[in-house]
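The values are calculated or read from the model by the stated rules, or taken from the named source; none is laboratory data. Computed from a prediction, not measured in an experiment: that's the story for all the values here. FYI the Cβ positions are ideal-geometry reconstructions off the backbone, even for glycines, and counts take in every protein chain you see.
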Amino acid sequence: MGIVTVLWEKWIEFKRDFVKITLAAMIAPLLYVVVFGRGIGELSGGQPYLNFLVPGVVALTTMNGSFSAIAQNLNVQRLYERAFDQVMISPTPLWQFVAGQMIGGSCGACMRAV
């Protein structure tokens, strides 16, 4: 039940800040595609470089987004809101809290990458 609670919290945060987070996450990938994809052109095999660049940029954005969603949120909760201390003394097992944070951050990053 603790995992579902953490996932629900992540879902509410994601819905609230979707546009802001998505636009901020799209700046770096668009710059990579414009600079490297259009600047390099074609490889020696005759295939466009974008065929190789786009999957890498999607993977990079997804991994970076999931890490940022988890790490930054936990640090803010721990340092400023003192919410992490409340989780430590709550009856929710720590592994459920950690699993919920990981699943929520990964799902949010995957939704933004698509």
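Take segment 74-113 and flag every residue that is over 16 Å from residue 13 (Cα atoms), β-branched (Val, Ile, Thr) and modelled with pLDDT of 75 or more.
89, 92, 98
Within the group 33, 6, which residue is farther than 27 Å from residue 93 by Cα and β-branched (Val, Ile, Thr)?
On the way: 6 fails: farther than 27 Å from residue 93 by Cα.
So the residue among 33, 6 that is farther than 27 Å from residue 93 by Cα and β-branched (Val, Ile, Thr) is 33.
Based on this model, can you work out whether residue 67 counts as surrounded by fewer than 16 Cβ atoms within 10 Å (Cβ to Cβ), assigned to a helix (DSSP H, G or I) and not charged (D, E, K, R)?
On the way: surrounded by fewer than 16 Cβ atoms within 10 Å (Cβ to Cβ): yes; assigned to a helix (DSSP H, G or I): yes; not charged (D, E, K, R): yes.
So residue 67 fits the description; yes.
I'd like the full set of residues that are within 16 Å of residue 5 (Cα to Cα), outside any helix (DSSP H, G or I) and of a type in the set (Val, Ile, Thr), limited to segment 70-114.
Within segment 70-114, just 92 meets the criteria.
Based on what the data block shows, is residue 78 in contact with a helix residue (DSSP H, G or I) (Cβ under 6 Å, 6 or more places away or on another chain), over 14 Å from residue 105 (Cα atoms) and surrounded by fewer than 15 Cβ atoms within 10 Å (Cβ to Cβ)? Walk me through how you get there before you give the answer.
Details: in contact with a helix residue (DSSP H, G or I) (Cβ under 6 Å, 6 or more places away or on another chain): yes; over 14 Å from residue 105 (Cα atoms): yes; surrounded by fewer than 15 Cβ atoms within 10 Å (Cβ to Cβ): yes.
So residue 78 fits the description; yes.
Would you confirm whether any residue within segment 36-50 is in a helix (DSSP H, G or I), surrounded by 15 or more Cβ atoms within 10 Å (Cβ to Cβ) and at pLDDT 80 or above?
Taking every residue of segment 36-50 in turn, none turns out to be in a helix (DSSP H, G or I), surrounded by 15 or more Cβ atoms within 10 Å (Cβ to Cβ) and at pLDDT 80 or above.
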